[in-house]
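*Asks:* If you scroll down you'll find the structure; I have some questions about it.
The values are calculated or read from the model by the stated rules, or taken from the named source; none is laboratory data. Since the model is a prediction, treat every value here as computed from it, not as a measurement. We place every Cβ from the backbone using ideal geometry, glycine too, and count neighbours over all the protein chains shown. We work out accessible area using only protein heavy atoms, side chains counted, and drop any ligands, DNA or RNA first. Shrake-Rupley method; radii C 1.70, N 1.55, O 1.52, S 1.80 Å.
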Amino acid sequence: MPPPSDIVKVAIEWPGANAQLIEIDQKKPLIAIIREVCDGWSLPNPEHYTLRYADGTQLYITEKTRNEIKNGTILRLAISPTRAARQLLERIQSSGLDSRLDALKELAKLSADATFATEFINMEGIFILTLLVESGTNFGEMLAFTLTAFLELMDHGIVSWDMISTAFIKQIASYVNQTTVDASILQRSLAILESMVLNSQSLYKKVAEEITVGQLIAHLQVSNQEIQTYAIALINALFLKAPEDRRQEMSNILAQKQLRSIILNHIIRGNRPIKTEMAHQLYVLQVLTFNLLEERMMTKMDPQDQAQRDIIFELRRVAFDAESDPNSSSSLEKRKAMYTRDYKMLGFVNHVNPALDFTQTPPGMLALDNMLYLAKVHQDTYIRIVLENSSREDKHECPFGRSSIELTKMLCEILQVGELPNEGCNEYHPMFFTHDRAFEEFFCVCIQLLNKTWKEMRATSEDFNKVMQVVREQITRSLSTKPNSLDQFKSKVRCLNKFWYCRLSLNHKVLHYGDLDENPQGEVAFESLQEKIPVADIKAVVTGKDCPHMREKSALKQNKEVQELAFSILHDPDEALNFIAPNKYEYCIWTDGLNALLGKEMTSDLTKNDLDTLLSMEMKLRLLDLENIQIPETPPPIPKEPSSFDFVYHYG
């Protein structure tokens, strides 16, 4: 007897007969099993038959796929793929409309099976289908089934898309360009054109010549989300395959046709929930749109290019308008000194020639574009940021130029500018569809966040990387909430930027903590801290990479300095209070204090240093040369109390 794993119990159906319940021996040839089944129903010529699944996709069972059969599966005895392909090919070319419709319907279902598809294609089946489409005589259901079968057959990759004729492309494109066409035909036509564009560069050119972009955008305004999805998919395919020099031109055409606002109003803010495939196509469009920034991101500034230098001068002029007259009568040396001073106030690393700051790629000229956009479109904000920082002490000023360059680079990394779309990703952000200059507006919000964070952290130039890390965390956390607009994003980051305060109760039994709207000046009252943790509920204190907030995906890129200042209080029920100390001293004080509260050993570097100092001092005393000094065996007597205590100060 073969082992039970080689035996599969199934039911096999045949029209007009009772089902057979049999045990399939997986070691036995499939043709032998089919012969036994045919004998059970007295069917001659078993070589003309095969087994198919009765439910689902009803795929044919072959020697390669037979191991996928499970116990209890219902199978169906059917004519072999070769005979089925030949019969369907004859029927779809018959003169009887009903017979042809039934054949095309069956063909559309069977074409998903690779075994059948191979047989049908070998009989020139695809060529016959293209002729049926090119004739223009099929309409309604018949045409829909024809297009479905064609697409399913081509998706197997057995034949090249390059064999498709121009006449066929024109006919399919005509269905897309029509103002009124059956939804099922339109959906399949859009899908076929998308596959053509993605699978053949030569077909991309032909499709691009036939398709009207305006008509594609019109299909986004219908109520059928499937049509909308396929329309965006085709737009994405044309975008993706377009030569680099034509992508910006295509983007400009789509902008003129109000693509962004149509997607926002008819899809994102529509009455229907966004399905998975639609979310993916919106993500792809978002990526392709941001990828248009790659050229500027990878373009270095030419310090000798006067037009580019004029942009920097314009930044200076907007910020310091009263002193920016290039035709002033002051001497050249004075003007140079004034420019150097102003460029330093603008936060450039190279004060004498700030053009050198933009020679690193990424972010290249894209950073300068963002700065100019802020200065022109949000001039008040720009001037406020520059003047606010220039009025601070040198060590506390947030360098606008350097910050803008690093922030632009960071935003490009977060949005993966220059990378191809991920096939399985659906992470689109609705807020980027609310503005024609979404990236620039995104930058304008984030540079204000950076400036605010710098001020609240009381940062100095040495803290630059730490501030950028905090800002990155704030941006990624806010993006993960999928804000619907840039204003909503701005509100999200503001909520993340509150001050957080924690202190121990006077009886050392409770930790009080909570959010504060403003930076606390001095001690915070217990009443203003809404949350509390009994010390008795604290399970442990963990530090560094063992902290929950250091293990999160978004914290994987935390620098070593931040990890060394991190600690967490683990408490019931399976929750944690997470901290990042402002400096090493505060870290040691807090971790030692918490361990002392829990009756555990204090292990910080500060404690170790204190112990080393004390031990060292004791050893030095013991080694001290005490020659000719008599050390008493008993301690000296305590002196008598003084006759007067007038020297004591009484606290009133």
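Yes/no matrix, rows are residues, columns are (1) touching a residue at least 60 places away in the same chain (Cβ under 8 Å); (2) surrounded by 17 or more Cβ atoms within 10 Å (Cβ to Cβ); (3) assigned to a strand (DSSP E or B):
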site	(1), (2), (3)
Asn451	yes, yes, no
Arg458	yes, no, no
Lys466	yes, yes, no
Arg472	yes, yes, no
Ile475	yes, yes, no
Pro483	no, yes, no
Phe489	no, yes, no
Gly522	no, no, no
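*Asks:* Here is a further query. For the stretch 47-57, give me each residue that is exposed (fewer than 15 other Cβ atoms within 10 Å of the Cβ) and either in a loop (DSSP other than H, G, I, E, B) or not assigned by the TED database to the domain that holds Leu21 (or both).
*Replies:* Within the stretch 47-57, Asp55, Gly56, Thr57 meet the criteria.
*Asks:* Of everything in the stretch 354-401, what is open to solvent by 40 Å² or more (accessible area, probe 1.4 Å), farther than 19 Å from Leu293 by Cα, in contact (Cβ under 8 Å) with a residue 40 or more places away in the chain and in a loop (DSSP other than H, G, I, E, B)? Give them in sequence order.
*Replies:* Scanning the stretch 354-401 gives a single hit, His378.
*Asks:* Shifting gears a bit: In the list Phe489, Phe464, which residue meets the criterion of being at pLDDT 90 or above and within 18 Å of the chain's Cα centre (by Cα)?
*Replies:* Phe489
*Asks:* Let me ask something additional. Looking at Ser251, Ser223, which is the one that is among the polar types (S, T, N, Q) and surrounded by fewer than 16 Cβ atoms within 10 Å (Cβ to Cβ)?
*Replies:* Ser223
*Asks:* A further question follows. Could you count how many residues in the stretch 417-449 are assigned to a helix (DSSP H, G or I) and of a type in the set (Val, Ile, Thr)?
*Replies:* Of the residues in that region, 2 qualify.
*Asks:* Ok, one more. Please work out if Leu104 is surrounded by 20 or more Cβ atoms within 10 Å (Cβ to Cβ) and farther than 23 Å from Ala173 by Cβ.
*Replies:* It is false that Leu104 is surrounded by 20 or more Cβ atoms within 10 Å (Cβ to Cβ) and farther than 23 Å from Ala173 by Cβ.
*Asks:* Still on this model: Against the condition in contact with a strand residue (DSSP E or B) (Cβ under 9 Å, 6 or more places away or on another chain), outside the structural domain of Thr289 (by the TED database), surrounded by 14 or more Cβ atoms within 10 Å (Cβ to Cβ) and not small (Gly, Ala, Ser), how does Leu504 come out, does it pass?
*Replies:* yes
*Asks:* Would you be able to say whether some residue in the stretch 334-341 is in contact (Cβ under 8 Å) with a residue 24 or more places away in the chain and surrounded by fewer than 16 Cβ atoms within 10 Å (Cβ to Cβ)?
*Replies:* no
*Asks:* Related question: Across the stretch 527-545, what is the total count of residues that are open to solvent by 50 Å² or more (accessible area, probe 1.4 Å), assigned to a helix (DSSP H, G or I) and out of contact with any Asp or Glu (no Cβ under 8 Å at 6 or more places or on another chain)?
*Replies:* Total meeting the criteria: 3.
*Asks:* Taking the stretch 64-101 on its own, how many of its residues are surrounded by 12 or more Cβ atoms within 10 Å (Cβ to Cβ), among the basic types (Lys, Arg) and under 47 Å from the mean Cα position of the chain (by Cα)?
*Replies:* 2
*Asks:* Are any residues in the stretch 594-615 closer than 20 Å to Ile533 by Cβ and either assigned to a helix (DSSP H, G or I) or not aliphatic (A, V, I, L, M) (or both), and if so, which ones?
*Replies:* The answer is Leu594, Asn595, Ala596, Leu597, Gly599, Lys600.
*Asks:* Just checking: which of the helices (runs of 4 or more DSSP H) contained wholly in the stretch 223-289 hold 2 or more residues that are modelled with pLDDT under 95 and among the small types (Gly, Ala, Ser)?
*Replies:* 244-256
*Asks:* Before we move on, is Arg272 crowded, with 17+ Cβ neighbours inside 10 Å and either among the basic types (Lys, Arg) or touching a strand residue (DSSP E or B) at 6+ places or on another chain (Cβ under 8 Å) (or both)?
*Replies:* Taking the combined requirement at face value, the residue does not satisfy it.
*Asks:* Any residue that is under 28 Å from Gly140 (Cβ atoms) and open to solvent by less than 60 Å² (accessible area, probe 1.4 Å) - is there at least one of those in the stretch 199-207?
*Replies:* yes
*Asks:* Against the condition outside the structural domain of Ile385 (by the TED database), within 30 Å of Val352 (Cβ to Cβ) and in a helix (DSSP H, G or I), how does Leu293 come out, does it pass?
*Replies:* yes
*Asks:* Something else about it: Which condition number does Asn578 fail, the rest of (1) outside any strand (DSSP E or B); (2) at pLDDT 80 or above being met?
*Replies:* (1)
*Asks:* From (1) touching a Phe, Trp or Tyr at 6+ places or on another chain (Cβ under 6 Å); (2) of a type outside the set (Asp, Glu); (3) without any contact (Cβ under 8 Å) to a residue 60 or more places away in the chain, pick out the condition that doesn't hold for Leu234.
*Replies:* (1)
*Asks:* In the stretch 126-163, how many are more than 41 Å from the chain's Cα centre (by Cα), assigned to a loop (DSSP other than H, G, I, E, B) and surrounded by fewer than 16 Cβ atoms within 10 Å (Cβ to Cβ)?
*Replies:* Here the count works out to 3.
Yes/no per residue for (1) out of contact with any helix residue (DSSP H, G or I) (no Cβ under 7 Å at 6 or more places or on another chain); (2) of a type in the set (Ser, Thr, Tyr); (3) assigned by the TED database to the domain that holds Ile217:
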position	(1), (2), (3)
Ala114	yes, no, yes
Leu129	no, no, yes
Ser135	yes, yes, yes
Glu141	no, no, yes
His156	no, no, yes
Ile169	no, no, yes
